[in-house]
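Below is one structure, written out as structure tokens; the observations come after it.
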Amino acid sequence: MRLFHAPGSPYARIARMAVIELGLQDRVAVEEATLRDPFSILLPFNPVGRVPALVLDDGTTITETTPVLTMLDSLVEPERRLLPAPDRPRALAAYGRVLGAMDGIAVWNRELRRPPHERSPGVISLEALRAVRVADALERDVASGAFAAKDAAFLALVSLCGYCEQRHTAFAWRQGRPALSELFDAAQARPSVAQTVPPAGMGGAAPPMR
């Protein structure tokens with residue numbers, strides 16, 4: 001199998017970390033692809049042109065983070081799987097909350113990549129407020145013991161914070177959030193995290209996320 005990714009994509013980083021956490025490095029080849037590129041090696045497999053994209057041995061291509069994780073989970077024993085099961089609704093809710101925050105930050109970041117005269121102050125303001133609101137909720141969640149399991153929700157949260165730390169520095173996510181900062185800092189020692197750190201961005205915006 002082949003997993004296409006872009007180094008700066010927090011969505012693809014979740015899948016890359018999952019490959020390592022599940023011990024699938026010998027079964028899944030991780031390959032870098034360019035985004036928004038008409039000559040990208042990704043396009044013959046995924047015409048949408050987004051990552052992560054998991055190409056199965058029969059040529060079937062699975063796209064988007066959660067379906068990719070579902071397939072990766074299917075390759076290991078049930079007790080090792082990363083996606084929260086329906087009997088863990090709080091963990092499932094935590095996973096969804098982080099993905100929602102990631103989507104909002106993607107919109108914010110996209111606006112910052114536009115020339116100044118094309119940016120929408122209203123969209124930037126809305127997404128900045130959303131990011132603060134969700135980060136405050138995540139701070140409370142972490143402080144109350146959420147995200148302790150090293151599951152998909154944990155990987156998504158680390159990926160989100162890592163993206164803001166390295167690529168979307170317009171958002172001071174650490175400010176006033178000691179529990180979230182502590183969780184993120186402690187996670188850096190995990191091989192799956194250390195081996196997938198995104199390259200640093202420049203200024204407040206970065207290249208495409210997916």
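What follows draws every value from the coordinates through simple rules; no lab data is involved. Bear in mind that the values here come from a model prediction, so they are computed numbers and not experimental data. Note that we place each Cβ from the backbone using ideal geometry, even for glycine, and neighbour counts take in every protein chain shown.
Quick notes
- Of everything in the stretch 151-175 that is free of Cβ contacts under 8 Å to residues at least 40 places away in the same chain and outside any helix (DSSP H, G or I), the residue that is nearest to Gly8 (Cα to Cα) is Thr169.
- Test result for Thr65, in contact with a Pro (Cβ under 9 Å, 6 or more places away or on another chain) and of a type in the set (Val, Ile, Thr): yes
- Note on the stretch 166-195: residues that are under 17 Å from Met102 (Cα atoms) and either crowded, with 20+ Cβ neighbours inside 10 Å or touching a helix residue (DSSP H, G or I) at 6+ places or on another chain (Cβ under 7 Å) (or both) total 8.
- Residue list for the stretch 72-92, restricted to those being surrounded by 14 or more Cβ atoms within 10 Å (Cβ to Cβ) and not β-branched (Val, Ile, Thr): Leu72, Asp73, Leu75, Arg81, Leu82, Leu83, Pro84, Arg88, Ala91, Leu92
- Selection from the stretch 184-204 of residues that are touching a residue at least 12 places away in the same chain (Cβ under 8 Å), within 16 Å of the chain's Cα centre (by Cα) and outside any loop (DSSP other than H, G, I, E, B): Phe184, Ala187, Ser192, Val193
- With respect to (1) within 27 Å of Ser40 (Cβ to Cβ); (2) of a type outside the set (Ser, Thr, Tyr); (3) over 19 Å from the mean Cα position of the chain (by Cα), the lone exception for Val107 is condition (3).
- Every residue from the stretch 46-58 that is in contact (Cβ under 8 Å) with a residue 12 or more places away in the chain and either surrounded by fewer than 15 Cβ atoms within 10 Å (Cβ to Cβ) or at positive phi (or both): Val48, Gly49, Leu56, Asp57
- Selection of first residues in the stretch 82-105 that are among the aromatic types (Phe, Trp, Tyr) and of second residues that are not in a helix (DSSP H, G or I), restricted to Cβ pairs under 9 Å at least 6 apart or on distinct chains, gives the following pairs, ordered by first then second residue: Tyr95/Leu83; Tyr95/Pro84; Tyr95/Asp151.
- Subset of the stretch 110-131 [hydrophobic (A, V, I, L, M, F, W, C) and in contact (Cβ under 8 Å) with a residue 12 or more places away in the chain]: Leu112, Val123, Ile124, Ala128, Ala131
- Candidates Leu35, Leu69, Leu22, Leu43, filtered to the one that is out of contact with any strand residue (DSSP E or B) (no Cβ under 9 Å at 6 or more places or on another chain), of a type in the set (A, V, I, L, M, F, W, C) and without any contact (Cβ under 8 Å) to a residue 12 or more places away in the chain: Leu43
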